[in-house]
Structures are given as structure tokens and as C-alpha cells.
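Here the structure comes first, spelled out in C-alpha cells, and everything after it is commentary.
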Amino acid sequence: MEIEVHLDALLASRRMTLTELAERVGMTLANLSILKTGKARAIRFSTLAAICRELDCQPGDLLAYRD
Amino acid sequence: MSSSAADDRLLAILRVVIWTVMVLLMIAGAIFAGLAIALPFMGPGGVEDLNLGTDPAARWALIAMLGLGIAVLVLALRFLWTLLAIIDTVGEGDPFVPANADRLERMGWLAVAGFGIAFVMGLLAFFIKARAPEAQVNVELDPGILFLILVLFVLARVFRHGAAMREDLEGTV
């Protein structure tokens, strides 16, 4: 059971780099990389909202639950 | 001066103070050891200088006190060495680790042991004074040490919770 993060696919479809997204949401590249590589253990709502705002998506587009 | 620079300066001063105290404790330990070794071989003249009277039990009690005094100094050195390790983690910006909770608990137990040994030294001083009233032996037990012991154990629990909370936050983006 795990939560999948589809950040790679969203960045590609929006033609945005991870560095650009990090700057726009006000996070360090290191922290955003932790999320992208699936190593994050938790995500703040404020982080989730900022990413959805910049990528123009819904939380369900970014995260998925896999059994 | 920025808060961070002031903190670094404070930590540096603390390290110097602790190292100075440790050196003084080692010197005191060497003096105690020398006296403990010399006492059995001291002639009547030397024993008189210490006002130990003629009762040999007073002399042996003093030797035992010196041995216990060395034990207290060793405990104090270990205490300060552990404190230095905690200060190092503060300098690294990462003090809320389980190792520091263990260190604080160890410091608490070292203080308990030191207090216990000092209590026995007090009994020996009382014994010596009964046999040689002029002897210059005094052991004062500071009740503040008991408060220190309590604070150390409480701090150990605080740091253990802090480390657990930090662990929870690890990997949160």
C-alpha cells in the first residue's frame, strides 16, 4: 500500500522543470526532489496547495493511492 | 552580532570553560592519588601536619576518602565529557537526537553516583573527626545537586520526545 506521486508526468505536461516549480512554490529543490522520488513521508496542505496552484491541477492528479 | 554568531561564540566559551574545569579536575585527581599513595608511608611528623592524631584508623579513613574523592573526580570528568558531546550536537544544529536523551540520562545517573559517593565521604569525614578533632577534613553535601539530578532526568525525557517529534517530521515536505 502506498501513495504514488505523479509529479514527473505533470511537470512534463506543463513543460516545467523541477527547479522552476521549486522557485514558484517557494520550496528548496532538495525538498521537492524528495517528493518527486517518492521518499517523502508526509506533505503539508500548504505545499500541496502551492503545487496544485502552479501546475493547475487537483490533488488527485498529483497523488494516487495504490493497493 | 547576529543570533547565530552569538550562539557560536557562547558555545566556544562553554567549551573552553569545560575543558579548563576538566584539566583542573585531573590535576586534583593527581594530587589526591599522590597523597593516598604517600600517606601509608608518612612518618609521625607528616601525619601530625595533617592533624590526624595517633589513631591509625583516622589515617586509613583519610586514604579511603581520597580514593573515593578520585572516584568522584572520574565521574565528574565523565559528566563534563558527555556535556561536551551534547554541546557539539548543538553546534552542528541537530541537538534533538536520541543520543542526547541517552547522554542526559547518563549525566543524571553520574550525578546520583557522585552524590552517593560524596555521602559516604561525609561519613568517613565524621569518623575521622571523631578520632582526630583537629583534622582538616570537611565534606559538604550540596542539596542543589538533588535538584540538578531531577532537572537532568526531566531534560532527558524532553529530549526523547523532541527526538521522536523530529523523527516524525523527517521527510515532510
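Candidates B:135, B:125, B:156, B:130: the one that is within 19 Å of the chain's Cα centre (by Cα) and hydrophobic (A, V, I, L, M, F, W, C) is B:156. Return yes when residue B:80 is touching a residue at least 12 places away in the same chain (Cβ under 8 Å), within 20 Å of residue B:106 (Cβ to Cβ) and out of contact with any Ser or Thr (no Cβ under 7 Å at 6 or more places or on another chain) and no when it is not. Answer is yes for this residue. Residues in the stretch A:9-27 that are surrounded by 13 or more Cβ atoms within 10 Å (Cβ to Cβ) and either of a type in the set (A, V, I, L, M) or within 14 Å of another protein chain (Cβ to nearest Cβ) (or both): A:10, A:11, A:16, A:18, A:21, A:22, A:25, A:27.
For residue B:51, the conditions (1) among the polar types (S, T, N, Q); (2) assigned to a loop (DSSP other than H, G, I, E, B); (3) under 30 Å from residue B:4 (Cα atoms) are fulfilled apart from (3).
The combined condition, being more than 18 Å from residue B:169 (Cβ to Cβ) and either in contact with a Phe, Trp or Tyr (Cβ under 8 Å, 6 or more places away or on another chain) or basic (Lys, Arg) (or both), is not fulfilled by residue A:41. Of the residues making up the stretch B:135-173, those that are among the charged types (D, E, K, R) and either under 24 Å from residue B:65 (Cα atoms) or out of contact with any helix residue (DSSP H, G or I) (no Cβ under 7 Å at 6 or more places or on another chain) (or both) are B:140, B:142, B:157, B:166, B:167, B:168, B:170. I need a count of the residues in the stretch A:28-47 that are in contact with a strand residue (DSSP E or B) (Cβ under 7 Å, 6 or more places away or on another chain) and more than 7 Å from chain B (Cβ to nearest Cβ). Selection size over the stretch A:28-47: 2.
The set of residues from the stretch A:1-57 being among the acidic types (Asp, Glu) and touching a residue at least 60 places away in the same chain (Cβ under 8 Å) comprises A:2, A:4. For the stretch B:126-173, a residue qualifies if it is surrounded by 14 or more Cβ atoms within 10 Å (Cβ to Cβ), touching a Phe, Trp or Tyr at 6+ places or on another chain (Cβ under 8 Å) and within 14 Å of another protein chain (Cβ to nearest Cβ), and exactly one does: B:166. Checked against (1) surrounded by 14 or more Cβ atoms within 10 Å (Cβ to Cβ); (2) at pLDDT below 95; (3) closer than 23 Å to residue B:119 by Cα, residue B:7 meets all criteria but (3). Restricting attention to the stretch A:20-66, the residues that are of a type in the set (A, V, I, L, M), over 10 Å from the mean Cα position of the chain (by Cα) and assigned to a loop (DSSP other than H, G, I, E, B) add up to 2.
When residues in the stretch B:73-127 are screened for being assigned to a helix (DSSP H, G or I) and either closer than 23 Å to residue B:169 by Cα or among the aliphatic types (A, V, I, L, M) (or both), 34 of them pass. Among the listed residues B:122, B:69, B:108, B:116, which satisfies the condition of being surrounded by 18 or more Cβ atoms within 10 Å (Cβ to Cβ) and within 26 Å of residue B:37 (Cβ to Cβ)? Residue meeting the stated conditions: B:69.
The values are calculated or read from the model by the stated rules, or taken from the named source; none is laboratory data. Note that this is a predicted model, so its numbers are computed, not measured. Because the Cβ atoms are built from the backbone with ideal geometry, glycine has one as well, and the counts that use them run over all protein chains shown.
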